[in-house]
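Taking it in order: structure first as structure tokens, then the write-up.
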Amino acid sequence: MPTALLPVLLLVGISVAHAGDAPPVPAAISPEAQQFYRDMKPRAAAPMNHADPQAMQRMRDGLAKMFLANARRITTDYTLETVDAGGVTAYWVRTGRPRHAKKAILYLHGGGYIIGAASAQLGVPLRVGPAAGVPVLSVEYRLAPEHPYPAAVDDCLAAYRWLLKSGYRGRDVAFLGDSAGGGLAITCALAARRDGLATPAAVAALSPLGDLTPTSDTRVTLAGWDPIVVGDPTARFAIYAGTHDPRDPLISPVYADFTGFPPLLIQVGTREVLLSDAVRLARRARSAGVDVTLDPWEGMWHVWQDHATAPEAKQASIEIGRFLESRLTARRRAARP
């Protein structure tokens, strides 16, 4: 994460280390990842009036520029194609010639459901897309507080319906998301099942937000150790839930019935407050017979996969790509003599 991003994130109130002594740097991670922790100086988050539309827009615009600058540190060899995906703006993110041009990864960015931009948060798509050999469709879903639940789920589902109407089969599409987008990738697959749509080939959720209630253990035990999600995020998460029960399975998928869910990969760092969300999601899905891979990474922070230089970011993305590619091509390969 560029150091220039920190002041804006302080305004959001969802990022940057807490005030006080900095937590120790993990010893078993790469020098580049260790430097990330050293660069995260302890600071207090400034208050943010999330009900002020103008303030929210200024913050989102500033963040979009910085997220895009971070993505460009990863690669500049990409193109964006804007499409109307069933009434929702989305972007095809393409890097070179894909190995599987007739497959698609439906990507959902993070940001606590209140910030983020599909056209700017390209770090994960630029890494995972080439690793999987598949084009990525990044969805510009609506954000709270202007558009609370179920707007984000509805937009994701509209984009998926658009892909299906465009000739893709369920087994041709995988869902990918990070942070709130990781939770949304899961809830979108659950909503697709509810509506009788084809099951996607797989879901990959990175540092997923799985519970909008304050129940998860590491919200307490790792508070102050997570350099990205600071303080008690429950009130910020409640902005998305609005007047709905935060235990609704399409808001907090840790309470969902995962029967019939596609293969699921969950990556999470051991230094993030959403670690328990990831563990609970994996246990919940596994209890329903889902093929689940829970992949914890030593010493990693929230959504480290988009870091420009850390080897852990590159390797994690390669493994995500391999997982998605194997699921997207499984039936085709099985049909070969």
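Values in this text are rule-based calculations from the coordinates and carry no lab data. In this text the structure is predicted, and so the values were computed from the model without any measurement. Neighbour counts run over all protein chains shown; Cβ positions are idealised from the backbone, glycine included.
Things worth noting here:
- Under 29 Å from K41, Cα to Cα: lysines that are on another chain or at least 8 residues apart: K65, K314
- Here segment 198-318 has an Rg and Dmax of 14.5, 42 Å, counting Cα atoms alone.
- Of the Cα atoms belonging to segment 3-334, the radius of gyration and Dmax stand at 18.2, 56 Å.
- Distant-in-sequence amide H partners of A202 (H built 1.01 Å from N, under 5 Å): F175
- In the chain, excluding the sites themselves, the longest stretch lacking any of the GluC sites (Glu not before Pro) that are in a DSSP loop with at most 15 other Cβ atoms within 10 Å is 147-297.
- Relative contact order computed over the chain (Cα-Cα under 8 Å; 6+ residues apart), in percent: 19
- Whole-Hz couplings from phi, Karplus 6.51/-1.76/1.60, listed for segment 184-192; x for Gly and Pro: 5, 4, 6, 5, 5, 5, 5, 5, 4
- Alpha-carbon centroid distance for the pair segment 190-230 / segment 154-171, whole angstrom: 22
- Positive-end residue, the chain charge dipole about Cα centroid, Cβ charges, pick of W301, V88, L137: L137
- Percent antiparallel among DSSP beta bridges (both partners in the chain, rounded to 5): 30
- Table column - 3J(HN,Hα) (Hz), segment 300-305, Karplus curve with 6.51, -1.76, 1.60, x for Gly and Pro: 7, 9, 5, 6, 6, 4
- Scanning residues 5 or more positions from R73 or on other chains, none has an amide H under 5 Å from its amide H, with H placed 1.01 Å from N in the peptide plane.
- Residues whose placed amide H lies under 5 Å from that of L108, excluding near-sequence neighbours: L176, G177, D178
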